[in-house]
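The structure appears right after this line, and notes come after that.
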Amino acid sequence: MELREAMRACLRCPALVRTRACVVPGDGAARATVAFVGIAPGRFGGDRTGVPFSGDRSGDLLRRMIRESGLRRVFITNLVRCNPRDELGRNRDPRGDEIANCRDYLTAELAIVRPRIVACLGRMAWRELAGKSAPFDPRNPIPVAARSLVLYPMFHPGYAIRGAYSERLYRGDFVRLASLAASAGGR
Ligand code: SF4
């Protein structure tokens, strides 16, 4: 597929090109009801496996929540497709220019899978897609309509992994998302 080949050959972000193990395109259903957008591949997860949200605790939790909620046609991706690291080799947040560099890949992925709902995992993904003025409150989510889809705020699974949000509440958020997906005509 041309898009994936273009991503895998991408050299737009010099700092990420230097340290990435691989480029991590989005992954999932060819036609998705829900697309999940995280921040970046993790160094112990997607950067190792080549698949977003896989191989680490965040990925395991996200995929379990999806499975248990009954969501089926999902697509999973990130704001950026390469793992950002700090000078000590730890995960860092992507910079604004790196997110901007990768934006057209995200737009192209979403245009292909055509989700009805884009679930933004964490405040950074939400701000990038819904805008700074849209309130980020996954406990009382206020979806934002954007052209043919709905943007939906959720906590990043890493937030629950760190113990800042209970797994029970997180599971409830996914059940609520699955209900919204069902009312939008699919799961
Ligand atoms: S993060 Fe995106 S834009 Fe930057 S090098 Fe990787 S694929 Fe290219």
What number goes with the only condition from (1) within 12 Å of the ligand (Cβ to nearest atom); (2) open to solvent by 10 Å² or more (accessible area, probe 1.4 Å); (3) not in a loop (DSSP other than H, G, I, E, B) that L16 does not pass?
(2)
Find the residue count for region 121-152, including only residues that are closer than 18 Å to P84 by Cβ and either outside any loop (DSSP other than H, G, I, E, B) or over 12 Å from the mean Cα position of the chain (by Cα) (or both).
6
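From E98, E87, which residue is in a loop (DSSP other than H, G, I, E, B) and acidic (D, E)?
The conditions single out E87.
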Contact list, first residue from region 84-102 and closer than 15 Å to G46 by Cα and open to solvent by 20 Å² or more (accessible area, probe 1.4 Å), second anywhere and outside any loop (DSSP other than H, G, I, E, B) and modelled with pLDDT under 95, beta-carbon distance below 6 Å, six or more apart or interchain, is R85/T19
Looking only at region 55-83, which residues are without any contact (Cβ under 8 Å) to a residue 12 or more places away in the chain and either assigned to a loop (DSSP other than H, G, I, E, B) or within 16 Å of the ligand (Cβ to nearest atom) (or both)?
G55
Open to solvent by 70 Å² or more (accessible area, probe 1.4 Å), touching a Pro at 6+ places or on another chain (Cβ under 7 Å) and not in a loop (DSSP other than H, G, I, E, B): is that true of R4 in this structure?
yes
Can you name the condition, by its number, that R123 falls short on among (1) within 23 Å of G45 (Cβ to Cβ); (2) charged (D, E, K, R); (3) within 16 Å of the ligand (Cβ to nearest atom)?
(3)
Given the conditions (1) open to solvent by less than 10 Å² (accessible area, probe 1.4 Å); (2) under 13 Å from the mean Cα position of the chain (by Cα); (3) farther than 27 Å from R18 by Cα, and given that L71 satisfies all but one, which numbered condition is not satisfied?
(2)
Within region 19-54, considering residues that are surrounded by fewer than 23 Cβ atoms within 10 Å (Cβ to Cβ), part of a helix (DSSP H, G or I) and of a type outside the set (D, E, K, R), the one modelled with the highest pLDDT:
T49
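The values are calculated or read from the model by the stated rules, or taken from the named source; none is laboratory data. The shown structure was predicted, so the numbers you read here are calculated from the model rather than taken from an experiment. Heads up, the Cβs are rebuilt from the backbone with ideal geometry, glycines too, and the neighbour counts pull from every protein chain shown. Ligands, DNA and RNA are excluded from the accessible area calculation, which covers all protein heavy atoms including side chains. Shrake-Rupley method; radii C 1.70, N 1.55, O 1.52, S 1.80 Å.
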